[in-house]
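See below for the structure under consideration.
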Protein chains: 2
Amino acid sequence: MDEPIPGYAFGSKEIPRAEVTPEELAALQLSAGLNPEDREALRRAGDILAGQTHQIVQHWRAGIIASLPHLARHSRSLDDQPLPEYLQRSNRRFEQWIIDTCRRPYDQDWLNYQIEIARRHTSAKKNQTDGVQSTSFVPFRDIIGFVAVMNQTVKPYLGRTGASAEDVERMHQAWCKSLQLQVALWAKLYSDPAAASGQW
Amino acid sequence: MDEPIPGYAFGSKEIPRAEVTPEELAALQLSAGLNPEDREALRRAGDILAGQTHQIVQHWRAGIIASLPHLARHSRSLDDQPLPEYLQRSNRRFEQWIIDTCRRPYDQDWLNYQIEIARRHTSAKKNQTDGVQSTSFVPFRDIIGFVAVMNQTVKPYLGRTGASAEDVERMHQAWCKSLQLQVALWAKLYSDPAAASGQW
């Protein structure tokens, strides 16, 4: 059995029910153009990415974020020292998020956990899961922005196991739609003054 | 001389200065990975898209949005009747936005107008420019979501004038980064209670 992922609580009763209705989720999938063929393409992407999640998250965190102080600070102490255990724990969850993006049905549990992940990036709950003292809030703007980097950099990983260029393109489109859907859901939490206090 | 675009006020003194600092904009470009090569690629994209903006906006508005009532309503009256002049005026501005995305320097005027466009989608100013009675607010989630559709559907237009597949990919990456940067800037306005009233 795999080692449990620290703080990963998908499907747990401790995760509050998302204040997003199934109708809102359905409409939002239409807005993002995410259709059943995309879900199928994401499942294929999951088979390709499953063995590469560690490498991908290292690419994002150590290869890119670490060199951008305004992003890196969110995994460091308030006096800008490394918090290696915090980084490692959140990296493990980041890796699992890639899998969940590809393989989980986008049902109520998934919706609840989307909002929980967002909550863990805001004043509502950042640092609590890991018991650390780091920044209390990740600006929504930087999350929205960084999605462009994640989308661009994930594409070569989709092509590493011999999928056709056409299928890589198809899987990548589905990935991009899913990330846009997820960021859109995070807007729910980031529009809540208790979580964001008018920060952006 | 081209006919002026109704309500298009880029660079005008009537546009308030954006409450976003140049430092915030610079950091956000790093978050989105938008670099000088991307700006160059966007200029090439502008040369390709400039003659196709009408077709692209028709693709988005008539081809996709019109069939999604939860999106189409934002260009219709409150009792769900067409407002053809409103649609036409905003389509013209939508077309110009494609050009501005590709060709304008991302300077203070551009920043101010980004926030102005966002303002025109929120309770702060929707409908005012065109003197119509339509919905008062476009949810941020639907804008974030629909960016995925715009990104996917713009790509074939980038390939229509003989650019190499590699350069189409390069221009498309730059386009996606720019849109993510722009949506991230809109988060500034959407986090303002006066504009969004906690709506998402």
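A few remarks follow.
- Matching residues in segment A:130-155 - criterion: being in contact (Cβ under 8 Å) with a residue 24 or more places away in the chain and more than 7 Å from chain B (Cβ to nearest Cβ): A:ASP130, A:VAL132, A:GLN133, A:SER134, A:THR135, A:PHE137, A:VAL138, A:PRO139, A:ILE143, A:MET150, A:THR153, A:VAL154
- Residues of segment B:76-104 that turn out to be within 22 Å of B:ILE56 (Cβ to Cβ) and more than 12 Å from the chain's Cα centre (by Cα), as a count: 11
- Taking the listed residues B:SER77, B:SER136, B:SER90, the one that is small (Gly, Ala, Ser) and crowded, with 18+ Cβ neighbours inside 10 Å is B:SER90, with no other qualifying.
- Filtering B:SER12, B:SER31 for residues that are on the phi < 0 side of the Ramachandran plot, surrounded by 12 or more Cβ atoms within 10 Å (Cβ to Cβ) and of a type in the set (Ser, Thr, Tyr) leaves a single hit, B:SER31.
- Complete set of residues in segment A:156-196 that are within 11 Å of another protein chain (Cβ to nearest Cβ), assigned to a helix (DSSP H, G or I), among the charged types (D, E, K, R) and in contact (Cβ under 8 Å) with a residue 60 or more places away in the chain: A:ARG170, A:LYS177, A:LYS188
- Hey, B:ILE99 in contact (Cβ under 8 Å) with a residue 24 or more places away in the chain, away from every other protein chain (no Cβ under 14 Å) and either under 18 Å from B:GLN29 (Cβ atoms) or touching a helix residue (DSSP H, G or I) at 6+ places or on another chain (Cβ under 7 Å) (or both) or not: yes
- Hits in segment A:106-155 - residues which are touching a Gly at 6+ places or on another chain (Cβ under 7 Å) and part of a helix (DSSP H, G or I): A:ASP109, A:ALA148, A:VAL149, A:GLN152
- Here A:GLN199 does not fit the description of being surrounded by 21 or more Cβ atoms within 10 Å (Cβ to Cβ) and either in contact (Cβ under 8 Å) with a residue 12 or more places away in the chain or within 14 Å of chain B (Cβ to nearest Cβ) (or both).
- Take the conditions (1) surrounded by fewer than 17 Cβ atoms within 10 Å (Cβ to Cβ); (2) touching a Lys or Arg at 6+ places or on another chain (Cβ under 9 Å); (3) within 23 Å of A:LEU68 (Cβ to Cβ); (4) not charged (D, E, K, R); A:GLN128 misses just one of them, which is (3).
- Being aromatic (Phe, Trp, Tyr), within 22 Å of A:ASP80 (Cα to Cα) and more than 11 Å from chain B (Cβ to nearest Cβ) is a property that A:PHE94 has.
- The helices (runs of 4 or more DSSP H) located wholly in segment B:30-75 that include 2 or more residues which are within 18 Å of the chain's Cα centre (by Cα), modelled with pLDDT of 95 or more and of a type in the set (Lys, Arg) occupy B:36-49.
- Every listed requirement among (1) hydrophobic (A, V, I, L, M, F, W, C); (2) more than 14 Å from chain A (Cβ to nearest Cβ); (3) free of Cβ contacts under 8 Å to residues at least 40 places away in the same chain is met by B:ALA124 save one, (3).
- Scanning segment A:66-84 for residues that are within 14 Å of chain B (Cβ to nearest Cβ) and either in contact with an Asp or Glu (Cβ under 6 Å, 6 or more places away or on another chain) or touching a residue at least 40 places away in the same chain (Cβ under 8 Å) (or both) yields A:HIS70, A:LEU71, A:ARG73, A:HIS74.
- Test: A:LYS155 is touching an Asp or Glu at 6+ places or on another chain (Cβ under 7 Å) and under 22 Å from B:THR153 (Cβ atoms): no
The values are calculated or read from the model by the stated rules, or taken from the named source; none is laboratory data. Treat the numbers as computed from the prediction; the structure is a model and nothing was measured. Cβ coordinates were reconstructed from backbone atoms using ideal geometry, including for glycine residues, and neighbour counts include every protein chain displayed.
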